[in-house]
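Structure first, commentary second.
Throughout, read-outs are computed from the coordinates displayed, never taken from laboratory work. This structure is a prediction, so every number in the text was calculated from the model and none was measured. Positions of Cβ are backbone-derived with ideal geometry, glycine not excepted, and every protein chain shown enters the neighbour counts.
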Ligand SMILES: [Cu+2]
């Protein structure tokens, strides 16, 4: 299944890579794609993903969810 998360504050490909990297290592996440124009990260996972952890990681990387 896919979950889409809005990520605010990304401005370039480095931001995309940073978000992708931090979310890719989350437990249960198979794939992450980040769309800079849409300001979205799409997580591919087969089980539940801890959305609180997703938020925390995004914030820790310097961006904002919402
Ligand atoms: Cu950037």
>> At 7 Å along Cα-to-Cβ for each site, give me the label-to-label distance between residue 3 and residue 31 in nm.
In response: 1.8
> Cα axis of helix 51-60 to longest principal axis of the chain: angle in degrees, 0 to 90, nearest 10?
Replying inline: 30
> Against the longest principal axis of the chain, how steep is helix 13-24, in degrees 0 to 90 to the nearest 10, with axes from Cα atoms?
Replying inline: 20
> By counting other Cβ atoms within 10 Å of each Cβ, how are 14, 45 ranked from fewest to most?
Replying inline: 14, 45
> How big is the C-alpha Rg of the chain next to the rule-of-thumb value 2.2 N^0.38 Å, as a ratio?
Replying inline: 0.97
